[in-house]
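Visitor: To start, I am sharing the structure in question, which I have written as structure tokens.
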Amino acid sequence: MSEPLTPAELLAKRQQYMAPTLAHYYERPMNLVRGEMQHLFDSDGRRYLDFFAGICTVSVGHSNPQVNQRVIDQIGRLQHTSTVFLTEPMVNLAERLAQITPGRLQMSIMTNSGTEANETAVLLAKRFTGRNEIVALKHAYHGRSWLAASLTAIASYRVDPVPVPGISFAENPYCYRCPYGKVPSACALECAKDVENVIKTQTTGAPATFVAETMQGVGGIITPPPDYFKVVREITQRHGMVFHIDEVQAGFGRTGRWFGIEHYGVEPDIITMAKGMGNGFAIGGCITTPEIAESLKAGTINTFGGNPISATASLATIDYIEQAHLMAQARELGDYLLDALRGLQEEFPLIGDVRGKGLMLGVELVEDPRSKLPALVETKRVLELMKDDGVIVGRGGLHGNVLRLQPPMVITRGDCDRLVTSMRRAIATVSEQLASKTG
Ligand code: PMP
């Protein structure tokens with residue numbers, strides 16, 4: 001193998017040949033050349049503890065040997081056929097998905113990404129209801145196609161000024177910045193009831209579907225209150241709408257259950273998935289009830305969707321999550337981390353909020369806990385300092401001021417301690433800088 005490029009050389013080449021719209025983390029990014037479970041290695045041989053898992057995707061570890069071996073065996077036998085031929089991995093995966101998803105969800109369509117999964121789900125909902133409009137949530141992220149970007153409600157990802165028509169947005173269940181100025185203990189779930197306001201005031205009164213992430217990932221690990229989805233489910237049912245949950249980030253064990261919506265005690269009509277589903281292999285999909293699936297009469301071909309390699313990777317990922325008891329681990333370590341992060345919050349006013357479930361956690365940074373002014377510069381600085389310290393975390397939120405912790409689920413308690421130590425150090429440094437800035 002040739003010598004790796006230096007990070008500066010690689011960055012210059014990327015800037016020469018890749019469109020500038022493709023953003024990258026860090027002022028001084030590293031050249032990542034190798035991964036090993038919860039660790040990544042750069043071209044200088046430095047090791048990083050990865051708490052972002054390739055944007056919440058490498059659910060069971062980088063180059064997980066068990067997953068990789070099954071993929072290698074499969075690639076040696078059969079690599080590609082497309083969906084118009086019968087192959088076992090795709091069909092076996094569909095059967096597994098029916099077993100691990102809640103309620104009556106049974107029929108799958110495999111895709112290559114979360115974006116495509118959401119496209120497919122909306123099409124199903126429109127055909128099933130014979131209606132067109134969609135209600136989504138503010139701060140949502142659903143992908144990069146015209147439709148998925150139109151369902152996305154974060155300005156920086158809504159680059160096309162002419163979105164798909166017929167989409168309206170309800171208020172976000174964002175308790176830290178409650179759109180109604182309430183605190184959770186004194187709220188009447190006005191945000192959930194807003195779905196009905198939106199139906200009555202911004203649509204014809206009969207939309208096809210409601211779509212929401214169980215917990216918004218890009219939106220900043222927004223964690224709806226316990227009864228939020230019960231109220232929304234009842235509203236959508238009363239209005240004859242499909243209830244579609246996007247589990248692209250929260251799915252596949254990360255929150256401590258197979259799917260995040262299971263924490264909320266409601267059964268969706270459609271679940272969309274991707275990311276953690278294939279541990280980094282390109283796969284997505286949607287699963288729905290037999291009645292909804294049957295409503296799409298036109299033929300569907302997906303050249304790569306459910307290909308033997310990605311489907312095998314997904315089956316191996318699901319098996320690994322089960323065999324290594326990673327959902328129990330996500331619950332236990334998630335609680336451990338939440339406690340430790342809340343301890344940090346007491347130490348540093350820069351930390352405005354700590355939230356999440358399992359290994360999908362968010363730490364929101366603010367210039368001042370009273371004004372809650374988003375601390376964007378400081379958040380970027382924390383990311384860079386932690387990287388220099390050998391720890392990778394993600395960033396999200398409408399204002400880009402939320403640290404996202406979505407590691408491979410194979411991390412240990414020691415890794416959690418390392419994360420907290422590194423975050424404490426970075427936040428202490430940035431807090432001092434902020435104090436001197438504000439005088
Ligand atoms: N839905 C959610 C909730 C996501 O977070 C993402 C990706 N960040 C998508 C959909 C789109 O997935 P993909 O990038 O695989 O198209």
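The values are calculated or read from the model by the stated rules, or taken from the named source; none is laboratory data. In this text the structure is predicted, and so the values were computed from the model without any measurement. Heads up, the Cβs are rebuilt from the backbone with ideal geometry, glycines too, and the neighbour counts pull from every protein chain shown.
Visitor: If you check T317 against the conditions, is it more than 20 Å from the chain's Cα centre (by Cα), among the β-branched types (V, I, T) and either more than 16 Å from the ligand (Cβ to nearest atom) or not in a strand (DSSP E or B) (or both)?
Guide: no
Visitor: On to the next question. Please verify whether segment 177-195 includes one or more residues that are touching a Pro at 6+ places or on another chain (Cβ under 9 Å) and aliphatic (A, V, I, L, M).
Guide: For segment 177-195, residues touching a Pro at 6+ places or on another chain (Cβ under 9 Å) and aliphatic (A, V, I, L, M): present.
Visitor: Can you tell me which residue is nearest to the chain's Cα centre (by Cα) among those in segment 185-205 that are β-branched (V, I, T) and crowded, with 16+ Cβ neighbours inside 10 Å?
Guide: That would be V195.
Visitor: Quick check on segment 51-68: of everything there that is crowded, with 22+ Cβ neighbours inside 10 Å and of a type in the set (A, V, I, L, M), which residue is farthest from L403 (Cα to Cα)?
Guide: Taking the candidates together, the pick is V67.
Visitor: While we're on this one: Checking the condition more than 16 Å from the ligand (Cβ to nearest atom), among the acidic types (D, E) and touching a residue at least 24 places away in the same chain (Cβ under 8 Å), which residue from E119, E133 passes?
Guide: From the options E119, E133, the qualifying one is E133.
Condition check ((1) surrounded by fewer than 17 Cβ atoms within 10 Å (Cβ to Cβ); (2) out of contact with any Gly (no Cβ under 7 Å at 6 or more places or on another chain); (3) farther than 28 Å from P89 by Cβ) across all residues:
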| position | (1), (2), (3) |
| --- | --- |
| I309 | no, yes, no |
| L326 | no, no, no |
| L373 | yes, yes, yes |
| V377 | yes, yes, yes |
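Visitor: Here is a follow-up. Looking at (1) within 16 Å of the ligand (Cβ to nearest atom); (2) surrounded by 14 or more Cβ atoms within 10 Å (Cβ to Cβ), which is the only condition F128 fails?
Guide: (1)
Visitor: Here's another thing I want to ask about it. On the given criteria, is I292 touching a residue at least 60 places away in the same chain (Cβ under 8 Å), part of a helix (DSSP H, G or I), away from the ligand (no atom under 15 Å from the Cβ) and not acidic (D, E)?
Guide: It is true that I292 is touching a residue at least 60 places away in the same chain (Cβ under 8 Å), part of a helix (DSSP H, G or I), away from the ligand (no atom under 15 Å from the Cβ) and not acidic (D, E).
Visitor: Restricting to segment 273-283, name every residue that is in a strand (DSSP E or B), at negative phi and more than 10 Å from the ligand (Cβ to nearest atom).
Guide: Within segment 273-283, F281 is the sole residue that qualifies.
Visitor: Does G205 count as in contact with a strand residue (DSSP E or B) (Cβ under 9 Å, 6 or more places away or on another chain), of a type in the set (G, A, S) and in a loop (DSSP other than H, G, I, E, B)?
Guide: Against the criterion (in contact with a strand residue (DSSP E or B) (Cβ under 9 Å, 6 or more places away or on another chain), of a type in the set (G, A, S) and in a loop (DSSP other than H, G, I, E, B)), G205 does not qualify.
Visitor: Something else: When only residues in segment 62-102 that are assigned to a loop (DSSP other than H, G, I, E, B) and within 23 Å of L151 (Cβ to Cβ) count, which is nearest to the ligand (Cβ to nearest atom)?
Guide: Selected residue: T101.
Visitor: Okay, moving on. For segment 234-272, name all the residues that are closer than 18 Å to I221 by Cβ and within 11 Å of the ligand (Cβ to nearest atom).
Guide: Across segment 234-272, the qualifying residues are I245, D246, E247, V248, Q249, A250, G251, G260.
Visitor: State the number of residues belonging to segment 143-177 that are closer than 23 Å to T204 by Cα, part of a loop (DSSP other than H, G, I, E, B), within 11 Å of the ligand (Cβ to nearest atom) and of a type outside the set (V, I, T).
Guide: The qualifying residues number 1.
Visitor: So which residues in segment 69-95 are surrounded by 12 or more Cβ atoms within 10 Å (Cβ to Cβ) and small (G, A, S)?
Guide: S82, A94
Visitor: Right, next: Quick one: R158 ticks every box in (1) modelled with pLDDT of 95 or more; (2) within 24 Å of G397 (Cβ to Cβ); (3) of a type in the set (K, R) except a single one, so which number is it?
Guide: The one condition R158 does not meet is (1).
Visitor: Looking at A208 and the list (1) within 16 Å of the ligand (Cβ to nearest atom); (2) crowded, with 24+ Cβ neighbours inside 10 Å; (3) farther than 26 Å from R254 by Cβ, which single condition is not satisfied?
Guide: (1)
Visitor: Does segment 42-60 include one or more residues that are of a type outside the set (A, V, I, L, M), part of a helix (DSSP H, G or I) and touching a Gly at 6+ places or on another chain (Cβ under 9 Å)?
Guide: Checked segment 42-60: at least one residue is of a type outside the set (A, V, I, L, M), part of a helix (DSSP H, G or I) and touching a Gly at 6+ places or on another chain (Cβ under 9 Å).
Visitor: Of all residues in segment 232-261, how many are outside any loop (DSSP other than H, G, I, E, B), buried (at least 22 other Cβ atoms within 10 Å of the Cβ) and out of contact with any Phe, Trp or Tyr (no Cβ under 9 Å at 6 or more places or on another chain)?
Guide: Of the residues in that region, 1 qualify.
Visitor: In segment 334-359, what residues are buried (at least 22 other Cβ atoms within 10 Å of the Cβ) and within 13 Å of I411 (Cα to Cα)?
Guide: G334, L337, G358, L359
Visitor: Shifting gears a bit: Name the single residue, out of those in segment 320-341 being among the small types (G, A, S) and assigned to a helix (DSSP H, G or I), that is farthest from the chain's Cα centre (by Cα).
Guide: A340
Okay, residues lined up against (1) under 17 Å from the mean Cα position of the chain (by Cα); (2) closer than 26 Å to R254 by Cα; (3) in a helix (DSSP H, G or I):
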{"position": "Q345", "(1), (2), (3)": "no, yes, yes"}
{"position": "L365", "(1), (2), (3)": "no, yes, no"}
{"position": "K372", "(1), (2), (3)": "no, no, no"}
{"position": "T379", "(1), (2), (3)": "no, yes, yes"}
{"position": "V382", "(1), (2), (3)": "no, yes, yes"}
{"position": "L398", "(1), (2), (3)": "yes, yes, no"}
{"position": "V410", "(1), (2), (3)": "no, yes, no"}
{"position": "A428", "(1), (2), (3)": "no, no, yes"}
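Visitor: Also, I was wondering about something else. Does N68 satisfy the condition of being free of Cβ contacts under 8 Å to residues at least 60 places away in the same chain and in contact with an Asp or Glu (Cβ under 6 Å, 6 or more places away or on another chain)?
Guide: No.
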